[in-house]
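Chemist: Below is the structure I would like to discuss, written out as structure tokens.
Values in this text are rule-based calculations from the coordinates and carry no lab data. What you are looking at is a predicted structure, and each value in this text was computed from that prediction instead of being measured. Don't worry about glycine lacking a Cβ; one is built from the backbone with ideal geometry, like all the others, and counts go over all protein chains shown.
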């Protein structure tokens, strides 16, 4: 995915989450371990969202076990920087030209 397509997919995902009542806290949170595309709050749950885009195939397989480890380490770093008592989950947001789908609480 090109940088421009990635930014567009993240923007679409952010707007979609907001339409569902999520409050976007951060986008593109970086650590030495990796990046969190979107950090959002809905109710009393923090959502760490990995956005994947594809024109022609299911983008979910691109969230590999290695990628999940980087996300988990980055979530831990996020909590070190932003202590919180909120529960959390790691979600995937799959964006295609026609659809946006949220897969909640992904894990490997």
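Chemist: Among 33, 79, 48, which comes first, then next, by fewest other beta-carbon atoms within 10 Å?
Modeler: Least crowded to most crowded, the residues run 79, 33, 48.
Chemist: Which number comes out as Rg/Rh for segment 27-70 once both Rg and the Kirkwood Rh are worked out on C-alpha atoms?
Modeler: 1.01
Chemist: Related question: If one computes the Cα centroid of segment 1-77 and of segment 92-108, what distance in Å separates the two points?
Modeler: 9
Chemist: Still on this structure, I have one more. Any idea what the relative contact order of the chain is, in percent, if you count C-alpha pairs under 8 Å spaced at least 6 apart?
Modeler: RCO, the chain: 25 percent.
Chemist: Another question about this same structure. Where is the GNM fluctuation largest for the chain (alpha-carbon springs, 10 angstrom cutoff): 16, 86, 78?
Modeler: Largest GNM mean-square fluctuation: 86.
Chemist: Then there is this: Given R₀ = 30 Å, what would the calculated FRET efficiency be for residue 55 paired with residue 32, taking r from the Cβ atoms and rounding to 0.05?
Modeler: Working from the Cβ atoms, E equals 0.45.
Chemist: Name the residue, out of 50, 98, 89, whose mean-square fluctuation peaks in a Gaussian network model built on the chain with Cα pairs under 10 Å.
Modeler: Top of the fluctuation ranking is 98.
Chemist: Report the residue, chosen from 52, 42, 32, that carries the largest GNM mean-square fluctuation when the chain is represented by alpha-carbon nodes joined by springs under 10 Å.
Modeler: 32
Chemist: Nearest 5 is fine: what % of DSSP beta bridges in the chain come out antiparallel, could you say?
Modeler: Restricted to the chain, the bridges split so that about 60 percent are antiparallel.
Chemist: May I pose another question? Would you compute, for the Cα atoms of the chain, the largest minus smallest coordinate along each principal axis and list the three values in descending order, in whole Å?
Modeler: The principal-axis extents, from largest down, are 39, 31, 24 Å.
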